[in-house]
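Okay, so here's the structure we're looking at.
The values are calculated or read from the model by the stated rules, or taken from the named source; none is laboratory data. Since the model is a prediction, treat every value here as computed from it, not as a measurement. Here Cβ is always computed from backbone atoms with ideal geometry, including for glycine, and neighbour counts include all displayed protein chains. When the accessible area is computed, the model is the full protein with side chains, heavy atoms only, and any ligands, DNA or RNA have been set aside. Shrake-Rupley method; radii C 1.70, N 1.55, O 1.52, S 1.80 Å.
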Amino acid sequence: MRNKSLLLLISLFFVLLSCDKTKAPVQKLKAGDLEVQWQPNAAQITSTDLLEYNFTAIHPLATQIELQILENDDFELFDQSELIMAPASPSTLRTQFTMLFEPPAPGQYSSPKISIILKADGAILSQVKSSESKIVIASINAPEDFVADHQGSLKQRPPLYILLILIVLLLPFLPRKKKTIATIKLKISAKDIEACEESFAGFEELLQKTMMYNFLIHKDDLATMLSSLASDNPSQMKLKNFIDSYLSRRFSPETVIPGQLIAEFKKVFEEISS
């Protein structure tokens, strides 16, 4: 019985392998502090489809991504969107981009190239360029000599119901593995406060991360982030009052040390997190 099941499993594997069209592996483009996870585009689309580019940029805090379409006479940009995703780490951002292009007339072309630029305060830090590939734009009209060979298609691929029957028969024999849930740290916790470096720079970085990860305020500096805290939110107002008090003491003759500030912030953090 086990041998027969094994043979069925092997048969199903080769059938599915012949039917499945897997996506090309994601390409990693890197320059300096900029890393781009690039999903290669389709090798062929019809003249009524849109050419879709999908890629994710991983870059440091307080930096921005700028996209430039390099010289291209065949494809025209139709739409562009971006989505801020869960950060890759407490010190980096992760932004997903989607670009849609209108294709030209049927034929073979070189896909458009994109320059992805990492900037900070208007200055260019690094940039990467997408790789160029060939793409076929197919016509939606069938050629005049096209003949549908349904009998040949059935010989090459079994009907769907046969695949479903094989899957049902083999389910009891397939190994089962426990699912592991990947956890992503999205918020600053009390442990992060205790681990904070006892310096003004480390303390201000902790304040910025708290506003970014706990209140989703994405700005370039502490002052701009502070002004974005909502006045109608009690937790955000408590945090704003604490930071205002810190800034007034930080640049006054009053003696203040980072260790004391961290201890004070820990008490405030318990209030705004409750």
> Within segment 214-223, which residues are open to solvent by 20 Å² or more (accessible area, probe 1.4 Å) and within 25 Å of the chain's Cα centre (by Cα)?
Replying inline: Asn214, Phe215, Leu216, His218, Lys219, Asp220, Asp221
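Listed here are the residues, each with its yes/no results for (1) open to solvent by 60 Å² or more (accessible area, probe 1.4 Å); (2) more than 30 Å from Ile217 (Cα to Cα); (3) in contact with a Leu (Cβ under 8 Å, 6 or more places away or on another chain).
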position: Lys28; (1), (2), (3): yes, no, no
position: Thr48; (1), (2), (3): yes, yes, no
position: Gln96; (1), (2), (3): yes, no, yes
position: Met99; (1), (2), (3): no, no, yes
> Within segment 232-264, how many residues are modelled with pLDDT of 85 or more and assigned to a loop (DSSP other than H, G, I, E, B)?
Replying inline: 3
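Quick grid of which residues meet (1) assigned to a helix (DSSP H, G or I); (2) modelled with pLDDT under 65; (3) among the aromatic types (Phe, Trp, Tyr):
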residue	(1), (2), (3)
Val128	no, no, no
Asn141	no, no, no
Ser153	yes, yes, no
Ile165	yes, no, no
Pro172	yes, no, no
Lys179	no, yes, no
Lys185	no, yes, no
Glu197	no, no, no
Tyr213	yes, no, yes
>> I'm trying to understand the selection: among the residues of segment 224-274, which are closer than 23 Å to Leu61 by Cα and open to solvent by 70 Å² or more (accessible area, probe 1.4 Å)?
In response: Ser227
>> Tell me the residue from Ser199, Ser252 that is over 21 Å from Ala86 (Cα atoms), touching a residue at least 40 places away in the same chain (Cβ under 8 Å) and among the hydroxyl-bearing types (Ser, Thr, Tyr), please.
In response: Ser199
> Out of all the residues in segment 70-83, is one or more open to solvent by less than 70 Å² (accessible area, probe 1.4 Å), at pLDDT below 90 and in contact with an Asp or Glu (Cβ under 8 Å, 6 or more places away or on another chain)?
Replying inline: no
